[in-house]
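Enquirer: Structure below; questions to follow.
The values are calculated or read from the model by the stated rules, or taken from the named source; none is laboratory data. Source: prediction; values computed, not measured. We place every Cβ from the backbone using ideal geometry, glycine too, and count neighbours over all the protein chains shown. Keep in mind that these areas ignore ligands, DNA and RNA; they rest on the heavy atoms of the full protein, side chains included. Shrake-Rupley method; radii C 1.70, N 1.55, O 1.52, S 1.80 Å.
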Amino acid sequence: MTDSILMFLAEHTAVAALLKLVLLVLGFVMPLASLSTWAERRQSAMMQDRLGPNRASIGPVKLWGILHFVADAIKMMFKEDVVPAKVDRFLFALAPVMAIAPVLITFAVIPFGPDLCVGQVMSVVTDPAMCKATIPLQVARMDVGMLFYFALASLAVYGTTLAGWASYNKWSLLGGLRASSQMMSYEVCMGLSLMGVFLVYGSLEPNAIVAAQGSSILNWGIFTQPLAFILFFTAAIAETKRAPFDLPEGEPELIGYFVEYSGMRFGIFFLAEFIETIFLAAVVTTVFLGGWQIPGLDSSGFGSFHLPHLVVVLLQVVVWSLKILFLCWLQLLIRWTLPRFRPDQLMRLGWKQLLPLSLLNIIVTAAVVLWRSGGK
Amino acid sequence: MSTTTQSKTGPRKLAFGMPTPDEIAAGGIPGLSARPKLPVDLMDKLNASELEEVEDIELPTEPMQINMGPSHPATHGTVRIVLTIDGETVRDSDVQVGYLHRCFEKEAEYATYTQVFPYTDRLNYVSPLLNNVGFALAVEKLLGIGAAIPERAQYIRVIVGEISRITDHLTCLGASAMEVGGFTPFLWMIKIREWLWELLEELTGARLTHSYVRVGGVSQDLTEDFIARLRATLNRSLEPLAECEKLLVKNRIFRDRMDGVGTMSAEDAIAMGWTGPCLRSTGVPYDVRKDHPYLVYDRFEFDVPVGSVGDNYDRFAVRLEEIRQSMRILEQAMQQIPPGPVLLDEPRICMPPKNAVYNTIESMIGHFKLIVDGIKVPPGEVYSYTEGGNGELGFYIVSDGSGRPYRCHVRSPSFIITQSMSKLILGAGIADIIPTFGMINMIGGECDR
């Protein structure tokens, strides 16, 4: 029964992709994003000697207030949706969609587990290449992989810029301007800092990068490309527009590009920001932390200790999620520790410090790769 | 480490690289005075001269007018700044105060001298006791009873005043950290402030609007274990304070935001009438407590920290050091405080004890007369000034011999410092307005009165 379903999915890739997308987005990303709104508040509260939200409950079920995100969602839904008189109504409505859609779509390229070997799920698989039919645990496997991600991530800037411009408010306009300049500047650095990784692993395709990193921890991106890791992580935090790079929002100064939004429209911007952090965690996991790889675990199990294929795959998916959770937590920690940059300092950091470093990284990496391949 | 052992002998080691009193005595705060004047950013200069050579591109631009406030998250009280900006650069600004005007001066003319105290609580509402003390000193000066105030009352006034100065500076420093995005140090500082306010609440019965000081003394004696608890609280607060300092003073982003922003020269600062931490940040060591000692301040050993550049960071560092100096004063005051009465024994000025009011006819009449007529202050005028949280806090009182002030004017330091705001932010970015405004610490209640 299970095998026939899996076989059907392996044959009908479109159905499988749809199913995986639904599972990934609705089953992982959205709940995690909602939970991070709660986690952020609890995390910051812990760092600041406060209690944080711990009251929301359904009857006796309290769970440290974890249900706050439900209360938040209900609040957002039922708040009045204020549309100021002079806004450009179409663009005003379009902006939140433009902010959230690209991030959700980009999840398609992220591999969240190894290929599932259909027909051998209960047996030990020593060589995955021998499988007759496989289901890749990745929504879309494209050769352009990471380029697709860069292309879509650039689209997200429209959301913030349009929101700032369409709101008919000078403060939000300034916020939108800041957002566009910041995101465009840091995209350059993001792209260039990953070039070294592509050179090392010889592919743009995320799953191939993960596979190339293998189960030896020293071969992971964070060790082969440490500088790129720092550069990319920094630039990508800037891309998510969160502290210390939250200038487009800049609470005490500008209030942000979404100052005129209320209700669920604001909620979408809010959620988009959290999804971006998860996505950033996913990309860093894929490229630098070995994706779904577990140190010492290959497709047949830990060395001579064999495990059924399904167990291996499940373990790897769980570890992949744990890595993402860790990186999300790390971002929260950074967010609540550092103060905010000033726009000119931000630009200086991006263009005069991160960009030259990432170019240097490419040159050094290319030279080393060339040298190791014997000049061929 | 602890303040209990810091009083007179031996080098006192303060946490995390802060200079010891000896070092300060040797030559200012090392971190402050050693810093050179900041050069103009060479790259910016280069770009500007290059740009002039480029042919004008035909893009019509015009400066944008934008309102910051009166309801804006960064304006502590309520203040409105009308900005003319070019991109994010401030080309012109008009700072409009007065949104929190509550007629303090007019109200004071209709209240007896004792009834003015609750109004003074609401001037600088992060250090109400300093205002209390300032007003009481002014009335006592006019009454000519300054020297007769019981010594214990004078010490208590110093103690509560210095606690208030610490809470004032903590609020200012914390808020400025929050305004540049560092939310965590803000809450840590507020945590310390809360400890101190709990103490004051225990002493005065109110958390914020204490109304504790009276003409002729203070309303009640210290609670039994107040000294011990204050000492414990000060010791306890050293650690979070040092943590805040570590998060901010040594943070590159924070220093970049504060260094060289909102610079003021000592000459300009004096010309604009600056006082307090803001003036001291420019390098002028003027402190009313030191230069014109009042109460028993001449009996304490403390230093007046000064800055060198007069920028936001100097204002930050001066305030931070003043917190430690206040702790020094507190420690000495706690050791020296003598026993005795806390209110002058003069029935025409001070309320008799409640017990006597209920049991003797003289006290009851005295109580009645003080409540209905107020304290009869001889005709004349007086200007009395003290060191408030933000600078020289002066009360100018004219009396016509009745129980109510004929005129009562407040020289509020915030109001006078806020007039330089336009000058400080000219040419800065929008993002610089916020820390600059935070560091001059305009308190709406005090500024608008």
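Enquirer: How many angstrom lie between the Cα centre of the range A:304-346 and the Cα centre of the range B:389-447?
Expert: 50 Å
Enquirer: Ignoring everything but the protein chains, give the 1.4 Å probe accessible area of A:Leu218 in square angstrom, nearest 10.
Expert: Taking all protein chains as shown, A:Leu218 has close to 120 Å².
Enquirer: Also, quick follow-up: From other protein chains only, count the Cβ atoms within 10 Å of every residue's Cβ in B:181-190, then give the mean.
Expert: Other-chain Cβ atoms within 10 Å of each residue's Cβ, averaged: 6.
Enquirer: Determine by what factor the alpha-carbon radius of gyration of the range B:106-216 differs from 2.2 N^0.38 Å, reporting the quotient.
Expert: The value comes to 1.18.
Enquirer: Expressed in whole Å with the largest first, what are the equivalent ellipsoid semi-axes of the range B:95-448 derived from the C-alpha gyration tensor as the square root of 5 times each eigenvalue?
Expert: So the three semi-axes of the range B:95-448 are 36, 23, 17 Å.
Enquirer: What is the range B:81-151 by shape, rounded, prolate or oblate, if you read a ≥ b ≥ c off the alpha carbon gyration tensor as root eigenvalues and call it rounded for a/c under 1.5, prolate for a/b larger than b/c, and oblate otherwise?
Expert: prolate
Enquirer: Continuing with the same structure: I need the phi-derived Karplus couplings for the range A:152-167: 6.51 cos²θ - 1.76 cosθ + 1.60, θ = phi - 60°, integer Hz, Gly and Pro marked x.
Expert: Result, ordered by residue: 6, 4, 5, 5, 4, 5, 4, x, 6, 5, 5, 4, x, 7, 6, 6 Hz.
Enquirer: Which of the chymotrypsin sites (Phe, Trp or Tyr not before Pro) across the range B:57-165 are loop residues per DSSP, with 11 or fewer other Cβ within 10 Å?
Expert: B:Tyr110
Enquirer: Another question about this same structure. Would you mind getting me the FRET efficiency between A:Lys132 and A:Ile230? Use the beta-carbon distance for r and R0 = 51 Å, nearest 0.05.
Expert: 0.75
Enquirer: How much of A:His306 can a 1.4 Å solvent probe reach, expressed as accessible area in Å² and rounded to 10?
Expert: Answer for A:His306: close to 100 Å² accessible.
Enquirer: Taking Cα pairs under 8 Å and at least six residues apart, what relative contact order does chain B come out at, in percent?
Expert: Computed over chain B, the figure is 24 percent.
Enquirer: State, in angstrom, two size descriptors of the range A:247-365 derived from its alpha carbons: Rg to one decimal place and Dmax to the nearest whole number.
Expert: 20.0, 61
Enquirer: Using a ≥ b ≥ c from the Cα gyration tensor of the range A:51-160 (square roots of the eigenvalues), is it rounded, prolate or oblate, where a/c under 1.5 gives rounded and otherwise the larger of a/b and b/c decides, a/b for prolate?
Expert: Verdict is oblate for the range A:51-160.
Enquirer: Then there is this: What are the ³J(HN,Hα) values, in whole Hz, obtained from phi via the Karplus relation 6.51 cos²θ - 1.76 cosθ + 1.60 with θ = phi - 60°, for each residue of the range B:182-198 in sequence order, with x given for Gly and Pro?
Expert: My calculation for the range B:182-198 gives x, 6, 5, x, 4, 6, 5, 5, 5, 5, 4, 4, 5, 4, 5, 5, 4 Hz in order.
Enquirer: What GluC sites (Glu not before Pro) in the range B:240-270 are in a loop by DSSP, with at most 10 other Cβ atoms within 10 Å of the Cβ?
Expert: Taking the range B:240-270 and a limit of 10 other Cβ atoms within 10 Å, no loop GluC sites (Glu not before Pro) are found.
Enquirer: Two decimals, Cα atoms only, Kirkwood Rh: what is Rg/Rh over the range B:162-238?
Expert: 1.04
Enquirer: Under the definition of partner shielding as Cβ atoms of other protein chains within 10 Å of a residue Cβ, what is the mean value for peptide B:248-256?
Expert: 3
Enquirer: Rounded to whole Å, give me the distance from the Cα center of the range B:278-310 to that of the range B:232-274.
Expert: 16 Å
Enquirer: Distance between the C-alpha centers of the range A:1-80 and the range A:223-249? Whole Å please.
Expert: Using only Cα atoms, the two centres lie 25 Å from each other.
Enquirer: Return the percentage of antiparallel bridges among DSSP beta bridges fully within chain B, rounded to the nearest 5 %.
Expert: 100 percent
Enquirer: Sticking with this one: Ignoring everything but the protein chains, give the 1.4 Å probe accessible area of A:Cys328 in square angstrom, nearest 10.
Expert: Result for A:Cys328: roughly 20 Å² accessible.
Enquirer: Using the reciprocal of the averaged 1/r over all distinct C-alpha pairs, how large is the Kirkwood radius of the range A:223-301 in Å?
Expert: It works out to 14.8 Å.
Enquirer: Let me ask something else. Counting pairs of alpha carbon atoms under 8 Å apart in space and at least six apart in sequence, what relative contact order in percent does chain A give?
Expert: Normalised by residue count, the contact order of chain A is 22 percent.
Enquirer: If you bin every alpha carbon distance in chain A into 10 Å steps from zero, what whole percent lands in each bin?
Expert: P(r) for chain A, in whole percents per bin: 5, 21, 30, 25, 14, 4, 0.
Enquirer: Could you give each residue of the range A:96-108 its phi-based ³J(HN,Hα) in whole Hz, using Karplus coefficients 6.51, -1.76, 1.60 with θ = phi - 60°, and x for Gly or Pro?
Expert: Taking θ as phi minus 60°, the curve returns x, 5, 5, 6, 8, 4, x, 5, 5, 5, 4, 4, 4 Hz for the range A:96-108.
Enquirer: Mind checking the mean number of beta-carbon atoms from other chains within 10 Å of the Cβ atoms in B:431-438?
Expert: Other-chain Cβ atoms within 10 Å of each residue's Cβ, averaged: 4.
Enquirer: Tell me whether the range B:183-328 comes out rounded, prolate or oblate; compute the Cα gyration tensor, take square roots of the eigenvalues as a ≥ b ≥ c, and use a/c under 1.5 as the rounded threshold.
Expert: Note, shape of the range B:183-328 comes out oblate.
Enquirer: If only Cα atoms are counted, what is the Rg of the range A:161-314, and what is its Dmax, in Å?
Expert: Considering the range A:161-314 through its Cα atoms, Rg and Dmax are 19.8, 66 Å.
Enquirer: Hand me the tally of lysine pairs in the range B:95-448: alpha carbons under 20 angstrom apart, and the pair either on different chains or 8 or more positions apart.
Expert: Count of close lysine pairs: 5.
Enquirer: How high is the relative contact order of the range A:34-178? Use alpha-carbon pairs under 8 Å, at least six apart in sequence, and give a whole percent.
Expert: Worked out over the range A:34-178, it gives 23 percent.
Enquirer: Ok, one more. Can you pull out the trypsin sites (Lys or Arg not before Pro) in the range A:52-107 whose DSSP state is coil and whose Cβ has at most 13 other Cβ atoms within 10 Å?
Expert: A:Arg55, A:Lys62, A:Lys86
Enquirer: Here is a further query. Give me Rg/Rg_expected for the protein assembly as shown, where Rg uses Cα atoms only and Rg_expected = 2.2 N^0.38 Å with N residues.
Expert: Compared with the compact-globule rule of thumb, the protein assembly as shown sits at 1.15.
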